[in-house]
1. Scanning for something closer than 21 Å to SER152 by Cα, of a type in the set (A, V, I, L, M) and either in contact with a strand residue (DSSP E or B) (Cβ under 8 Å, 6 or more places away or on another chain) or not assigned by TED's automatic domain parsing to the domain that holds ASP141 (or both), does the stretch 88-98 turn up at least one residue?
2. So VAL3 clears everything in (1) buried (at least 22 other Cβ atoms within 10 Å of the Cβ); (2) in a helix (DSSP H, G or I); (3) more than 14 Å from the ligand (Cβ to nearest atom) except one condition, right? Which one?
3. Exactly one condition in (1) part of a loop (DSSP other than H, G, I, E, B); (2) more than 24 Å from the chain's Cα centre (by Cα) is false for ARG123; which is it?
4. What do you reckon, is LYS114 over 27 Å from GLU22 (Cβ atoms), in contact (Cβ under 8 Å) with a residue 60 or more places away in the chain and open to solvent by 50 Å² or more (accessible area, probe 1.4 Å)?
5. Considering only the stretch 22-32, state which residues are farther than 11 Å from ARG71 by Cβ and within 16 Å of the ligand (Cβ to nearest atom).
6. Which members of the stretch 50-96 meet the condition of being outside any helix (DSSP H, G or I) and within 12 Å of the ligand (Cβ to nearest atom)?
7. When both residues are 6+ apart or on different chains and their Cβ atoms are under 6 Å apart, which pairs have a first residue that lies in the stretch 139-157 and is in the same structural domain as ILE124 (by TED's automatic domain parsing) and near the ligand (Cβ under 8 Å from one of its atoms), and a second that is part of a helix (DSSP H, G or I) and of a type in the set (Ser, Thr, Tyr)?
Amino acid sequence: MRVILLGPPGAGKGTQAQRLVEKYGIVQLSTGDMLRAAVAASTPVGLRAKDIMTRGELVPDEVVVAIIADRIAQRDAANGFVLDGFPRTVAQAEALDRLLASKGLKLDAVINLKVDHDILLRRIETRVAQMRARREAVRADDNPEALKKRLSAYHSQTAPLAAYYRGKGLLKSTDGMAVIDDVTAAIERLLAGVGEAIPQGGRGLTQRERRPVRAGKTRKKAASRKRADAKRAGGRRSGRKRLARGGSVKSAARKGARRRTTRLKAKRRRG
Ligand code: AMP
């Protein structure tokens, strides 16, 4: 399952992405989180992005596209992913299309969380004020000035993505202002029957094992296939190699003796 969550800052993309992670065993790829980690670690990307982010503006496309390309190439993303905060411009969406096409992958759906911007802005301002009152850490870009910039960047640069994905037949919209559990339920309905519904246990399996784990197929089947593969691979190994790979001394000796006997018998038959 490869999904994009689309929606302005504060629409609840992060919360819903987490729930998709739990339900489908996919990974959450949040460019905002990755950039904040880069800023905290003072990496070259972080140093480049820091001030841009504090102002509430968008980091250059090539920077975020490179981050996402790296991340999608990692093994844990092979089961699928939910993109949260990426793409944010049409250029990023086009780069993502090229990236996925080069890997023979495709997107399954784009979930658009529809919100009322005035209500959203008031909600975020209230939440930030409450956090400050409780002396909790507040993001550098969670101030009224930067928030307005982030929302305006969303309007001008990200909102056109809805039309972009509608044109590709991928857009599915839901009310992002509903209570969190209702939004989750709506998203699950929208995703029912979309892509590969890989259950939690699909994580960590190889490509070959993952393929059959679709709706209707069980985790048990994948596990038994994995055991069968392991057995086949083990069967081809010599006793010595088995031992080196952690097999028991007894089984390695048995295996080695069996092979020696077979070879001896064949030799005798040949005369
Ligand atoms: P977020 O946590 O998604 O609200 O992102 C926080 C900030 O990181 C944004 O205001 C941008 O400055 C930057 N950012 C995150 N994702 C992207 C992206 N896809 N393109 C450009 N800038 C981004």
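1. Filtering the stretch 88-98 down to residues closer than 21 Å to SER152 by Cα leaves 88-93.
Filter again for of a type in the set (A, V, I, L, M), leaving 90-91, 93.
Going one step further and asking which of them are either in contact with a strand residue (DSSP E or B) (Cβ under 8 Å, 6 or more places away or on another chain) or not assigned by TED's automatic domain parsing to the domain that holds ASP141 (or both), we end up with none.
No, that holds for no residue.
2. Every listed condition holds for VAL3 apart from (2).
3. With (1) part of a loop (DSSP other than H, G, I, E, B); (2) more than 24 Å from the chain's Cα centre (by Cα) applied to ARG123, the lone miss is (1).
4. Working: over 27 Å from GLU22 (Cβ atoms): no; in contact (Cβ under 8 Å) with a residue 60 or more places away in the chain: yes; open to solvent by 50 Å² or more (accessible area, probe 1.4 Å): yes.
Considered against the rule, which asks whether it is over 27 Å from GLU22 (Cβ atoms), in contact (Cβ under 8 Å) with a residue 60 or more places away in the chain and open to solvent by 50 Å² or more (accessible area, probe 1.4 Å), LYS114 comes out as no.
5. At the first step, the residues of the stretch 22-32 found to be farther than 11 Å from ARG71 by Cβ are 22-26, 32.
Across the stretch 22-32, the qualifying residue is only GLY32.
6. Taking the stretch 50-96 and keeping what is outside any helix (DSSP H, G or I), we get 56-60, 73-74, 80-89.
Result: GLY56, GLU57, LEU58, VAL59, PRO60, LEU83, ASP84, GLY85, PHE86, PRO87, ARG88, THR89.
7. Going by the 6 Å Cβ cut-off, the qualifying pairs are ASP141/THR54.
Conditions tested, residue by residue: (1) touching a helix residue (DSSP H, G or I) at 6+ places or on another chain (Cβ under 8 Å); (2) under 20 Å from LYS148 (Cα atoms); (3) surrounded by fewer than 17 Cβ atoms within 10 Å (Cβ to Cβ).
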site: THR15; (1), (2), (3): yes, no, yes
site: VAL27; (1), (2), (3): yes, no, no
site: ASP70; (1), (2), (3): no, no, yes
site: THR89; (1), (2), (3): yes, yes, no
site: ALA95; (1), (2), (3): yes, no, no
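The values are calculated or read from the model by the stated rules, or taken from the named source; none is laboratory data. These numbers were taken from a predicted model, which means no experiment stands behind them. With ideal geometry, Cβ positions are generated from the backbone for all residues, glycine too; neighbour counts draw on all protein chains shown. Keep in mind that these areas ignore ligands, DNA and RNA; they rest on the heavy atoms of the full protein, side chains included. Shrake-Rupley method; radii C 1.70, N 1.55, O 1.52, S 1.80 Å.
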